[in-house]
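Written below as structure tokens is the structure these notes are about.
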Amino acid sequence: MRLIPDLGIRGINMDDRLLVIENLKIEYHSDSNVFHAVNGISFELGYKETIGLVGETGAGKTTTALAIMQLLPERTGFITDGRILFKGENIIGKDRAEMQKIRGASISMIFQDPLTCLNPLMTVGEQIKEALEIHKESIGSVEHIDQQVNQLFEMVGIPPARGREFPNQFSGGMKQRVMIAIALACNPELLIADEPTSALDVTIQAQVLNLMADLKKKINTSMIMISHDLGVVVKTCDRVAIMYAGEIVEIGAVEDIYADVKHHPYTEGLFGAIPDIHTKVSRLNAIDGLMPDPANLPTGCKFSPRCGHCMGICKTTPPGVWKSGSHSIACHLLVKEGDE
Amino acid sequence: MSNRITSQGQANKVIWAYKKKSVFWDFWKQIKHNKAAMFGMILITIIVLMAILGPVVIPYEKAIVQDSAQRLQSPSLAHWFGTDNYGRDIFARIVHGAKYSLMIGVVAVAVGISLGCILGTVSGYFGGVIDNAIMRVTDCIVCIPSTLLALTIVAALGGGLGKVLIALIIANIPVYTRVIRSTILNVTESDYIQAAKASGTPDWLIIIKHVLPNAIGVIIVQASMTFGDVIITASTMSFLGLGIQPPTPEWGSMLAEGRGFMLYSTSIMLFPGLAIVLTALALNLMGDGLRDALDPRLRN
Amino acid sequence: MIRYITRRTISLIPILLGIIFIIMGIMSLTPGSPGLVILGPDAPPEAVEELNAELGYDQPFLSRYVTYIGNLVKGDLGDSYRTGRPVWYEVSRRLPTSVTLAILGVGVAMVIGIPLGILSAVKQYSPADVLLTSLAMVLNSMPTFWFGLMAIILFSLRLGILPSTGLSSPAHYVLPVAALASYTIAGLLRLSRTTMLETIRQDYVRTARAKGQKEKIVIFKHALGNALLPVVTYAGMAFGKMVGGVVAVETVFSIDGVGNMVLTAIRNKDVMLVTGGIVCLASIYMIILLLVDVLYAVIDPRVREKYRNQY
């Protein structure tokens, strides 16, 4: 079932959407199996907006991000249905040269593990410079590239003199800053951040997130923030989509997700798992069971095996959508209640 | 107190046995897909069978009987691989010669592993001066190319199967010494070893239960990769006249004998060489398959 | 950097001393004595003993070892038992030949093996890849001497287009170098392929693509450099295998090099010459390993970093 949320929150009209994902389906093919990683997700992102994609490992968040960049592994990852409209144009059909113009200049991505994302044999300065040099025609300035590199260093809070050093001389947090500098070098309209702080210490996490928030305001980028950490998402996002087993089960504004009363049972489970600092308990509230095997997805609602509110219909029919303003939830329970 | 440890120990034994079995099974499933490795396995099985059963089917006389009238023949129905300069049937000689190459390979690798593991264990376990001494010596041996080492030993002690074996074993030992030693060093620093020691497990038991299983994968891969090289080096030594001597039908010495008659017969040089190549190929294919199966990074 | 080179060179010395110790040690197990070899089995025992004493044969092993090292530093490797001429004279006459062959062998192997391996990796699973990989497997299973022999049969005896003995013209180099290189071509092809495949999967290659970089540049600028690091080390070790393979090739092609000299010396029980020849070859190998280490440090900033902090 498709889940196209209403974007009434900021009064953004239909033509003003930077990114529209319609019914995207992605599969991975191995020698013997087909993994249904993403099963028909739809959402939209406006200009200067940040949406968070929340879910456990394996929910399909990174796959979605890679699909937007058209960086799925060539021989094994396939987009089997749907459209990705960037500024109104479907980028799924685009050939390699066209995507290369888009990557880095219009859509940028930073990845989860900064430790391995930089080429160990090139200086950091060269790697940032490369980001500029690739797109120098489209961003229009050939001269002063070195100056721009220095500006980028300063923007992320690294002394430009360190540009001559190699990645192994930088700490994890600083490497992530370098990645941010690379990603924002050409002022992209969309930045996809795939768990940018998961590999960092908590204190560094805060620094990097603050940096990203500042830069977002300065450069007016839209952002997709992928995280499994609800705390990170609430600080940085305007809207949030909860993903499970390759589907969006709940989507809405930040207030809807964090403060509203009605939720998808999975979302309730996620929030319930956060320990309450004021209460003393002997066990944490984990959600029983595991995410389903993408090669062997259950029929009906994919969360049904783990859901405490599971009804008969959940096992056979995919759920419909319950909507209230900007808040949408795909769950039989709420649709039923809505009917009453 | 001791009851709890016993049942935990028994539980561990069951878990370990189960892990071993399922590791084996996973690994077998993985390697089945690798067509090249399976081909290698089949090929080496054929060769081994040939080495074991061949001499039973083809009596040794056929390999040594000389027949001047039939010298240097090309392959024919009577002589599948032709005849050599003495009129001996090449196919029979190859069949009888197989066991030498295979045995040299097996003994050199097996003894190399055993001695290497012992040395590595001593080195890693005792540390200090002993460790230093063993590692220095190992470093020096590694720096002498194995052919040169073999030449040195043969120069001093004379040629023949035994001396070549000694040379190959010595050349082989350092690799396994290092593998076991580094496994011990890695493992002794990990927490579960501290825990095992704290609960009173004797050191030798720790080594058997924890060090060996970790090292076995690497050892198997190393062994399979060097098996082929060992066979090639051994036959090279025989060819140079320093290993197994004629008239023993070892493949390398067959080539040495036939060299003078290259002009008159290709068979005499072709088939023994092909035998060496096919054996080494089978072993290399298997070795590659083993390595791919045991290395998680290369799986797609 | 200079300090690293100096340090590495100095650390070479104990290993060299160790190698010579081992070689001399093994050679000292030779039955018989120099006097016997030089004067022949019919010589009177007193003459043999006298000669042995003169040559210092009756000294304990350690003192002979020290004397040998002392002489080595002065460039004196003793005299051949057979010819009486200085060992260094015999070796130095032939060393350039053998070293040239080895260098050519490694060079050809690198020029052919590495690009083919990279091609194989970039076009993984294509027919070209399968063909090259299979070919490499077969070559890796082939003894050098047999490759040489078959090459002679085909190109010299059957087709008559290439010479098979000696090194008197450039054409004479073709078959011996080909034989030497064959095994290493295979090894380099497979290794380059493996490291390239691994490197292509690395995160920083994905980063480069995410920047919008053209695929060709991603491969050649980002992946290639990183992939070739292990290959450099392998090439150095391959040289070592070649030092051994040179013996086989010189035999097959009747080339007057150090390898052939050592073989003849072994048959003649010429201990001095054998020791000298093998020590020289092993030393050359060590020097090559040193050069490879230094090269590695020059290329890889991570190694530089590690050693920079060791003072």
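The values are calculated or read from the model by the stated rules, or taken from the named source; none is laboratory data. These figures come from a predicted structure and were not determined experimentally. Quick reminder, even Gly has a Cβ in these numbers, built from the backbone with ideal geometry, and neighbours come from all protein chains shown.
Could you list all residues from segment C:225-254 that are farther than 30 Å from C:Thr67 by Cβ, among the aliphatic types (A, V, I, L, M) and either at pLDDT 90 or above or over 18 Å from the mean Cα position of the chain (by Cα) (or both)?
Within segment C:225-254, C:Ala227, C:Leu228, C:Leu229, C:Ala248, C:Val249, C:Val252 qualify.
All but one of (1) within 14 Å of chain C (Cβ to nearest Cβ); (2) surrounded by 21 or more Cβ atoms within 10 Å (Cβ to Cβ); (3) farther than 30 Å from C:Leu273 by Cα hold for B:Asn132, so report the exception by its number.
Just one mismatch for B:Asn132, condition (2).
Given the conditions (1) more than 7 Å from every other protein chain (Cβ to nearest Cβ); (2) within 22 Å of B:Ala171 (Cβ to Cβ); (3) surrounded by 19 or more Cβ atoms within 10 Å (Cβ to Cβ); (4) not β-branched (Val, Ile, Thr), which single one is not true for C:Ala227?
If we test C:Ala227 against (1) more than 7 Å from every other protein chain (Cβ to nearest Cβ); (2) within 22 Å of B:Ala171 (Cβ to Cβ); (3) surrounded by 19 or more Cβ atoms within 10 Å (Cβ to Cβ); (4) not β-branched (Val, Ile, Thr), just (2) comes out false.
Just to verify a result, which residue in segment B:253-265, among those that are free of Cβ contacts under 8 Å to residues at least 60 places away in the same chain and surrounded by 20 or more Cβ atoms within 10 Å (Cβ to Cβ), is nearest to the other protein chains (Cβ to nearest Cβ)?
B:Leu255
Among residues belonging to segment A:224-263 that are in contact with a strand residue (DSSP E or B) (Cβ under 7 Å, 6 or more places away or on another chain), modelled with pLDDT under 85 and in a loop (DSSP other than H, G, I, E, B), point out the one that is farthest from A:Leu209 (Cα to Cα).
That would be A:Lys262.
Which pairs turn up if I take residues in segment A:99-114 that are at the interface with chain C (Cβ under 7 Å from one of its Cβ atoms) and over 14 Å from A:Ile224 (Cβ atoms) and look for partners that are among the polar types (S, T, N, Q) and outside any loop (DSSP other than H, G, I, E, B) with beta carbon separation below 7 Å, at least 6 apart in sequence or on another chain?
Final answer for the pair search is A:Lys101/A:Ser138; A:Ala105/A:Ser138.
From the list C:Ala53, C:Ala47, which one is more than 18 Å from C:Val271 (Cβ to Cβ) and assigned to a helix (DSSP H, G or I)?
Among C:Ala53, C:Ala47, only C:Ala47 is more than 18 Å from C:Val271 (Cβ to Cβ) and assigned to a helix (DSSP H, G or I).
Filter the helices (runs of 4 or more DSSP H) completely within segment C:225-311 down to those with at least 3 residues that are farther than 30 Å from C:Met1 by Cβ.
Per the criteria, C:258-267, C:271-299.
For segment B:49-80, how many residues are among the polar types (S, T, N, Q), surrounded by 16 or more Cβ atoms within 10 Å (Cβ to Cβ) and part of a loop (DSSP other than H, G, I, E, B)?
Summing the residues that are among the polar types (S, T, N, Q), surrounded by 16 or more Cβ atoms within 10 Å (Cβ to Cβ) and part of a loop (DSSP other than H, G, I, E, B) in segment B:49-80 gives 1.
Considering only residues that are within 15 Å of C:Ala186 (Cβ to Cβ) and of a type in the set (A, V, I, L, M, F, W, C), which ones fall in segment C:103-117?
Of everything in segment C:103-117, those that are within 15 Å of C:Ala186 (Cβ to Cβ) and of a type in the set (A, V, I, L, M, F, W, C) turn out to be C:Val106, C:Val108, C:Ala109, C:Met110, C:Val111, C:Ile112, C:Ile114, C:Leu116.
Restricting attention to segment A:258-281, which residues are surrounded by 10 or more Cβ atoms within 10 Å (Cβ to Cβ), without any contact (Cβ under 8 Å) to a residue 60 or more places away in the chain and within 16 Å of A:Gly325 (Cα to Cα)?
A:Tyr258
Looking at C:Gly78, C:Gly105, C:Gly117 in this structure, which one is farther than 19 Å from C:Met261 by Cβ, crowded, with 16+ Cβ neighbours inside 10 Å and in contact (Cβ under 8 Å) with a residue 40 or more places away in the chain?
C:Gly117
Of the residues A:Val156, A:Val149, which single one is of a type in the set (A, V, I, L, M) and more than 26 Å from A:Ile226 (Cα to Cα)?
A:Val149
Could you tell me whether segment C:87-100 includes any residue that is within 14 Å of chain B (Cβ to nearest Cβ), modelled with pLDDT of 90 or more, closer than 25 Å to B:Ser235 by Cα and touching a helix residue (DSSP H, G or I) at 6+ places or on another chain (Cβ under 6 Å)?
Within segment C:87-100 (the criterion being within 14 Å of chain B (Cβ to nearest Cβ), modelled with pLDDT of 90 or more, closer than 25 Å to B:Ser235 by Cα and touching a helix residue (DSSP H, G or I) at 6+ places or on another chain (Cβ under 6 Å)), the answer is yes, since at least one residue qualifies.
Being part of a strand (DSSP E or B), buried (at least 21 other Cβ atoms within 10 Å of the Cβ) and modelled with pLDDT of 90 or more: is that true of A:Leu19 here?
On the way: part of a strand (DSSP E or B): yes; buried (at least 21 other Cβ atoms within 10 Å of the Cβ): yes; modelled with pLDDT of 90 or more: yes.
Against the criterion (part of a strand (DSSP E or B), buried (at least 21 other Cβ atoms within 10 Å of the Cβ) and modelled with pLDDT of 90 or more), A:Leu19 qualifies.
Of the residues that make up segment C:186-193, is at least one hydroxyl-bearing (Ser, Thr, Tyr) and at pLDDT 90 or above?
Scanning segment C:186-193, I find at least one residue that is hydroxyl-bearing (Ser, Thr, Tyr) and at pLDDT 90 or above, so the answer is yes.
Do you know which residues across segment A:62-98 are over 30 Å from A:Gly173 (Cβ atoms), of a type in the set (A, V, I, L, M) and facing chain C (nearest Cβ under 9 Å)?
Within segment A:62-98, A:Ala97 is the sole residue that qualifies.
Let me confirm something: among B:Thr83, B:Thr152, which residue is crowded, with 21+ Cβ neighbours inside 10 Å and within 14 Å of chain C (Cβ to nearest Cβ)?
Among B:Thr83, B:Thr152, only B:Thr152 is crowded, with 21+ Cβ neighbours inside 10 Å and within 14 Å of chain C (Cβ to nearest Cβ).
Is at least one residue of segment C:165-173 without any contact (Cβ under 8 Å) to a residue 60 or more places away in the chain and either buried (at least 18 other Cβ atoms within 10 Å of the Cβ) or not in a helix (DSSP H, G or I) (or both)?
yes
Might you check whether a residue that is on the phi > 0 side of the Ramachandran plot, modelled with pLDDT under 90 and more than 12 Å from every other protein chain (Cβ to nearest Cβ) occurs anywhere in segment C:120-128?
no
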